[in-house]
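Attaching a single structure in structure tokens format; questions to follow.
The values are calculated or read from the model by the stated rules, or taken from the named source; none is laboratory data. Bear in mind the structure is a predicted one, so any value in this text is a computation, not a measurement. Ideal geometry is used to build each Cβ from the backbone, glycine not excepted, and the neighbour counts take in all protein chains shown. These accessible areas exclude ligands, DNA and RNA; they are computed on the full protein's heavy atoms, side chains included. Shrake-Rupley method; radii C 1.70, N 1.55, O 1.52, S 1.80 Å.
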2 protein chains.
Amino acid sequence: MSRTALTRDEVLEAAASLVKQHGPAALTMRKLAAELGTAVTSIYWHVGNRESLLDALVQRTVDEMGAIRPAGRTPADRILAVARILRRELRARPHLIAMVHERGLTERMFLPAQQALVHEVHAAGLRGARAADAVRAVQFQVVGYLLVERNRERAPAQSPAESELWDPAAAPHDPALARALARPADPDRLFLLSVRALVHALLTPDP
Amino acid sequence: MSRTALTRDEVLEAAASLVKQHGPAALTMRKLAAELGTAVTSIYWHVGNRESLLDALVQRTVDEMGAIRPAGRTPADRILAVARILRRELRARPHLIAMVHERGLTERMFLPAQQALVHEVHAAGLRGARAADAVRAVQFQVVGYLLVERNRERAPAQSPAESELWDPAAAPHDPALARALARPADPDRLFLLSVRALVHALLTPDP
DNA sequence: ACCTGAACACCGTTCAAGT
DNA sequence: ACCTGAACACCGTTCAAGT
């Protein structure tokens, strides 16, 4: 009896900390045991195995995502607010998106956001199947954007970089465009611009 | 001398086949060696190590993505065609997207598409930084959508499924909307709808 | 009820030795 | 130039044995 009794919560806490610091790949049962000062096999008693340990971690975070109360004057503004809130929440948990997705909990995690979107789309006057399409289009766009953004951050330096691909000679007709593409993208601005454009189109009645 | 001489190409071919069938995780050096009928260590002589083997595989596929020649009457139609071509190409290589991304080659792989988009956005009258934003917004949307779609397919059954989350009681004001959200999304339709909406907004001059 | 070490079947990789 | 088996350091997991 070298330490106070190990608890399941203690295991989850230590595992979450390892994942947060170095990503899910760094979470090995042996390192976790070392961190906790116990034998590897004790962990199995508390959480079953590595897979259900990760499941529990993911479930925990999904539960943390509470209701979403977007601010804004118009439905379009509030949809944009939902998108920003989602982005902020997910960026605070950088390893989570992929883990949640792999475990098939994405829809569960986005339910609060989806409900907020349904509300706003309804307020904007959309009904039935058309409203459902709008909700899903926004949801896919936001989640997709976050996946791309996350992957870009995680990826090592691109080679060749966009800056090399777009030297002015590549677009002789529009050097300003070439310069703009050679500069790194501003993810914040591009996110807002994209969502705003999509929402605008979805909420505008067809001609 | 139990077999004809092993070549680097032969190794890549066998590795590609393993990845295509069971995903990158199933590609172990030992299984690959068994498949080829050689000692594990022979593979190292030809390709260095597992990581550079995967690099070579990815590089190979990136090279396969040639120029993109979209058809259509208007720039908007041709941008939509670019999006469809990208979707088709990437869906033909289901394990590739993530692998390319992890290796930081996404921008390289999308260069042909990016050039096609630049051309169309220019044809639509956009210039400079505004054109660059439009190109990137479409690119992010398409890639993001494909990542989400891919993840959905790979993910096991969601629990609870959307159908359970959206029983009619959940949206008393609009039962048609609830029914639509309870049905599984049609990824084809949603993709076209989303891209069309975004492109429409990006190409329309600001009010 | 909780914890342990030994053991098993898998990895990727290195290296000295062969032809 | 090419191939080999032995060996190392790592995995996740099981299990019989302890308290």
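What's the number of the only condition in (1) within 14 Å of DNA strand C (Cβ to nearest atom); (2) within 16 Å of residue B:98 (Cβ to Cβ); (3) open to solvent by 30 Å² or more (accessible area, probe 1.4 Å) that residue B:26 fails to meet?
Condition not satisfied by residue B:26: (3).
Return a yes/no flag: does the stretch A:47-62 have any residue that is surrounded by fewer than 16 Cβ atoms within 10 Å (Cβ to Cβ) and on the phi > 0 side of the Ramachandran plot.
yes
What tally of residues in the stretch B:17-70 results from selecting those that are within 13 Å of DNA strand D (Cβ to nearest atom) and acidic (Asp, Glu)?
Here the count works out to 1.
Moving on. Check off (1) more than 7 Å from chain B (Cβ to nearest Cβ); (2) modelled with pLDDT of 80 or more for residue A:143 and give me the number that stays unchecked.
(1)
Which of the following residues is in contact (Cβ under 8 Å) with a residue 24 or more places away in the chain and either touching a Cys at 6+ places or on another chain (Cβ under 8 Å) or more than 15 Å from DNA strand D (Cβ to nearest atom) (or both): A:84, A:73?
Only one candidate passes the filter, namely A:84.
May I ask you to verify whether residue A:181 is at the interface with another protein chain (Cβ under 7 Å from one of its Cβ atoms), of a type in the set (A, V, I, L, M, F, W, C), in contact (Cβ under 8 Å) with a residue 12 or more places away in the chain and more than 22 Å from residue A:77 (Cβ to Cβ)?
So residue A:181 fits the description; yes.
Among the residues of the stretch B:52-69, how many are within 18 Å of residue B:117 (Cβ to Cβ) and within 14 Å of DNA strand C (Cβ to nearest atom)?
Final tally of qualifying residues: 0.
Residues in the stretch B:43-64: is at least one more than 13 Å from every other protein chain (Cβ to nearest Cβ), under 20 Å from residue B:153 (Cβ atoms), without any contact (Cβ under 8 Å) to a residue 12 or more places away in the chain and not in a loop (DSSP other than H, G, I, E, B)?
no
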